[in-house]
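Working notes, structure below.
The values are calculated or read from the model by the stated rules, or taken from the named source; none is laboratory data. Nothing here was measured: the structure is a model prediction, and the numbers come from that model. Heads up, the Cβs are rebuilt from the backbone with ideal geometry, glycines too, and the neighbour counts pull from every protein chain shown. All accessible areas refer to the heavy atoms of the entire protein, side chains included, with ligands and DNA or RNA removed. Shrake-Rupley method; radii C 1.70, N 1.55, O 1.52, S 1.80 Å.
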Amino acid sequence: MKDVVFVNQLIHRARQHQDLGLIYYPVELSKVRLMAHSDASHGNAKNHGTLGGYILGFTEHGVWDGRPVSWTPAAWRSYR
């Protein structure tokens, strides 16, 4: 039953945001780097719970030099 509820939520969100999309920019394979972004909130959720999440993406090594480069999402997760 838990999976059915989850799939129904996914369908609802997909319909709610059907006008949005993801753009995947090409990253040159010889320059590709994996970049992770994360955030968490400790004790701010309901019943003093913790919220958090992360997103992983592919980018080019120039990002560490402060240059504007492409960034392409690869995976994400949020949790309570």
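Is there a residue being open to solvent by less than 70 Å² (accessible area, probe 1.4 Å) and part of a strand (DSSP E or B) anywhere in segment 2-18?
no
Tell me whether segment 53-76 contains one or more residues that are exposed (fewer than 12 other Cβ atoms within 10 Å of the Cβ), touching a Phe, Trp or Tyr at 6+ places or on another chain (Cβ under 9 Å) and free of Cβ contacts under 8 Å to residues at least 60 places away in the same chain. Lay out the reasoning, then the answer.
Residues of segment 53-76 that are exposed (fewer than 12 other Cβ atoms within 10 Å of the Cβ), as a first pass: 64-68, 75-76.
Those left that are additionally touching a Phe, Trp or Tyr at 6+ places or on another chain (Cβ under 9 Å): 75-76.
Filter again for free of Cβ contacts under 8 Å to residues at least 60 places away in the same chain, leaving 75-76.
Yes - at least one qualifying residue is present in segment 53-76.
Would you pick out the residues in segment 24-46 that are closer than 21 Å to Arg77 by Cβ, open to solvent by 70 Å² or more (accessible area, probe 1.4 Å) and either touching a residue at least 24 places away in the same chain (Cβ under 8 Å) or in a helix (DSSP H, G or I) (or both)?
Tyr24, Arg33, Leu34, Lys46
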